[in-house]
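Worksheet: one structure, shown below.
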Amino acid sequence: MDEAISREDVAESDLMTRRGKFRAVAFRDGHEHMALVYGTARPRENVLVRVHSECMTGDIFGAMRCECGDQLDAALDRIVSEGSGVFVYLRGHEGRGIGLLAKVRTHVLQDEQGLDTLDSATTLGFPIDTRDYTPAARILKHLRVRSVRLMSNNPDKIRALEANGIAVVERVPLLVPATDHNVGYLTAKRDRLGHHLPQVDTFSGDYSFAGDNRT
Ligand SMILES: [Zn+2]
């Protein structure tokens, strides 16, 4: 897996965003991915990094059944506030790798039968997680990043990066508040996938939930 990404599979430009100017580096590695690099310093060690799995419903449309969109925002905000960092956006990771149609089909089972994010996938014959993080490691190596402070709650992601030659010197929690909309999803990730989600432990209801008549 250690082959580098060839020149013809990389393109980069400046990208002005509402958070400021990033270097946008597009990669073709199976799917087309994007790294947003912030800051002029470009450290190689202890780099603040988010490796983010594509989630169209959460990232683009602000869906509240998962916390992906909020994590995307929080990670970019943190990179900008620290002054440097890398945000890697991985395509082909919809629904932990099962694809967009399959993910939407799992939503039907979740809504109609109360299945969680894992059981709804396996009931439809899909695996729980097929995401490949080797492109993220190759992208980070291309950017000459050797060690990272990874914004993640997912121990599998840390293991995958380390197995592919990227040292994770620190795990930086990326905790989105639990709400009535996402608590089922977060609970399944905590209890069945081993994600570090302490905010779920203390959640006792989202009193700002529209239409909620609890006081
Ligand atoms: Zn999501």
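The values are calculated or read from the model by the stated rules, or taken from the named source; none is laboratory data. What you are looking at is a predicted structure, and each value in this text was computed from that prediction instead of being measured. Using ideal geometry, Cβ is built from the backbone for each residue, glycine included, and neighbour counts are taken over all protein chains shown. These accessible areas exclude ligands, DNA and RNA; they are computed on the full protein's heavy atoms, side chains included. Shrake-Rupley method; radii C 1.70, N 1.55, O 1.52, S 1.80 Å.
Observations on the structure shown:
- The set of residues in the range 80-94 being open to solvent by 20 Å² or more (accessible area, probe 1.4 Å) and either assigned to a helix (DSSP H, G or I) or on the phi > 0 side of the Ramachandran plot (or both) consists of 80, 81, 82, 83, 92.
- Count - residues of the range 77-91 that are under 13 Å from the mean Cα position of the chain (by Cα) and farther than 17 Å from residue 146 by Cα: 3
- Of residues in the range 42-61 being closer than 25 Å to residue 164 by Cα and aliphatic (A, V, I, L, M), the one farthest from the ligand (Cβ to nearest atom): 47
- Selection within the range 95-104 - open to solvent by 50 Å² or more (accessible area, probe 1.4 Å) and over 18 Å from residue 188 (Cα atoms): 100, 101
- The range 62-79 residues that are assigned to a helix (DSSP H, G or I) and within 8 Å of the ligand (Cβ to nearest atom), paired with ones that are open to solvent by less than 20 Å² (accessible area, probe 1.4 Å) and of a type outside the set (A, V, I, L, M) (beta carbon under 7 Å, 6 or more apart): 68/55; 68/58; 69/58
- Any hit, the range 106-114, residues being touching a residue at least 24 places away in the same chain (Cβ under 8 Å), open to solvent by less than 60 Å² (accessible area, probe 1.4 Å) and more than 21 Å from residue 176 (Cβ to Cβ): no
- Scanning the range 138-167 for residues that are without any contact (Cβ under 8 Å) to a residue 60 or more places away in the chain and either in contact with a strand residue (DSSP E or B) (Cβ under 7 Å, 6 or more places away or on another chain) or surrounded by 19 or more Cβ atoms within 10 Å (Cβ to Cβ) (or both) yields a count of 7.
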